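Notes follow the structure.
Read the figures in this text as sums done on the coordinates, not as results from a lab. A quick note: this is a predicted structure, and the numbers were derived from the prediction, not measured. Cβ: placed from backbone, ideal geometry, glycine included. Neighbour counts: every protein chain shown.
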Amino acid sequence: MFIILCFAISFSVHSQSLNSYMQKLVDHSPSVQAKKHEFAVAEAEYRSAVSAAFPSINFNTNYSEQKNPFGSSFFIGTIKNYSTVFQVQQPVYLGGRIWAGMEIKQQARRATKLMVELETQKILREFLTNYFKLLNLEEKKQSLKKSFKIQQQFVSLTKSKLKKGSARPYEAFQAEAELASYESRLKQLNTQITSLRESLKEDLGVEKINDFNYPKTFVEVKYNKDEIFKELLRNNLQIQIGKQQIDVAEAQKSLEVGEHLPSLNLEAQMGWRSPDTSGLFEKSNESHTYIVNFSIPIFSGLSSFSTRKASTQRVMQQKKHLQSSQLAVTKQFYLFYESYKNAREVYLKTKKWQSQADLAVRNGLKNFKSGIISNFQVVQLQKGLEAAESALADATASYHLSVVDLYYVLGRDLLSLYK
């Protein structure tokens, strides 16, 4: 059994906005819409297959003319026939082909519906990956801006000390060079952010997107190991599709084997038949025909044995595909879960590192003003803070992405993740 827990984090929140973006993505996605149309086709084909079990009624009217020359002395002239009849046909048994046909379309319909869900999950996973990558870059940008301001203060302090003679010229040059490096790095980040934003806008089909923010809570996932395989088999979409493909293959086998089994059809024709049109609808011209058609295939060149063997092999093929999928999905789950546990631990430790590094820089600037520490020591403290904040941005994004991956492999609805 899976347990979903949440603990709050200190980011500003627009989780509702994130969910609305995700819904907009699903509504706008051409690939999802294509799968939905495919499902609509499967629905229609299933209804068409069901109709094969019901009687068919036709109205036929025709004229026929037949000449019967059996030699000059036996010529009996031209026989004309006008008929107007209602024809009713009812298949009673076609070797199981009717029900097999319905079952094929039913299973195909279910598989197609699962494919719609799988495609939805795929595009949401891709969107969230880019979404958290963007937030990662935004966090790094904010960190650089913060460091840029601190560096500006540091440059000002260094120049002030230089005037007083308590700093050397190279220290001022070094401080200004560091300040220039921040401007270059900020431009690079802005380029990457703009590119990702444009990609997300194209995916969403919008001209403008608001600022993105991290969700309000971190989702914590725990599981009971004894229940893991049941959960995966029940929820994973790829495994569910594999099971449906086996059912389709089984039904296809029944359909093909049914071609070589006896069949029974009933037919009734009721109407009027006459050699001329003047009295066509008189009572004396009423016609009733009842037909019971029972057919037994005797010999078809041993094709029934080949058909049965081919159908059986297709079923076995799908079963092996399912076993392979189950193995791959299980490995994937354990990989994702280990990544999740590591990401969670890294995030908590990095959060503490960043907090301590930030405090160190604040105290370092105060001590630099007082002359307690050197220029070089301040630079080292500042670089340590940058590294901590960059690592925290990476850890935060990695944690969210690891949760997305877990939801994806478990077959849980990603739309419900940030409601």
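Roughly how big is the chain's charge dipole about its Cα centre, with Cβ charges of +1 (Lys, Arg) and -1 (Asp, Glu), in debye to the nearest 20? Can you show the working numbers first?
Numbers: 55 positive and 40 negative charges, 446 e Å.
With only Lys, Arg, Asp and Glu charged at Cβ, the dipole is about 2140 debye.
Determine Rg/Rh for segment 161-268; Rg is computed over alpha-carbon atoms and Rh is the Kirkwood hydrodynamic estimate from the same atoms.
Working: Rg = 33.4 Å, Rh = 23.0 Å.
Result: Rg/Rh = 1.45.
Per DSSP helix of 4 or more residues, -39500 (n - 2.57); summed, then divided by the residues of the chain. What does that give at 222 nm, rounded to the nearest 500? Before the final figure, lay out the partial values.
On the way: 8 runs with 273 residues, N = 419.
The helix-only estimate for the chain comes to -24000 deg cm²/dmol at 222 nm.
From zero up to wherever the largest Cα-Cα distance of the chain sits, split into 20 Å bins and tell me the percent of pairs in each.
The distribution over the chain is 18, 31, 23, 15, 9, 4, 1, 0, given as percents.
Cross-link partners among lysines for Lys341, C-alpha distance below 25 Å, same-chain residues fewer than 8 apart left out?
Straight-line reach from Lys341, under 25 Å: Lys122, Lys133, Lys140, Lys216, Lys222, Lys225, Lys230, Lys331, Lys349, Lys351, Lys352, Lys419.
Work out the charge dipole of segment 264-321 with +1 on the Cβ of Lys and Arg and -1 on the Cβ of Asp and Glu about the Cα centre, then indicate which of Ser306, Gln318, Ser295 is farthest towards its positive end.
Going by the charge dipole, the pick is Gln318.
May I ask for the net charge around Ala397, where only other residues with Cβ less than 11 Å from the Cβ of Ala397 are counted and Lys, Arg are +1 while Asp, Glu are -1? Mind dumping the intermediate values first?
On the way: positive: Lys133, Lys140; negative: Glu138, Glu139, Asp394.
My count for the surroundings of Ala397 gives -1.
Please get the size of the charge dipole for segment 79-150, origin at its Cα centre, with Cβ charges of +1 on Lys and Arg and -1 on Asp and Glu, quoted in debye to the nearest 20. Please report the intermediate quantities before stating the final value.
Values: 14 positive and 6 negative charges, 78 e Å.
Charge dipole of segment 79-150: 380 debye, to the nearest 20.
Any idea what the dipole of segment 280-419 comes to, in debye rounded to 20, about its Cα centre with Lys/Arg Cβ at +1 and Asp/Glu Cβ at -1? Display every interim value, and only then the final one.
On the way: 18 positive and 10 negative charges, 105 e Å.
Computed charge dipole of segment 280-419: roughly 500 debye.
Fewest to most neighbouring Cβ within 10 Å: what's the order for Glu231, Glu103?
Fewest-to-most ranking of Glu231, Glu103: Glu231, Glu103.
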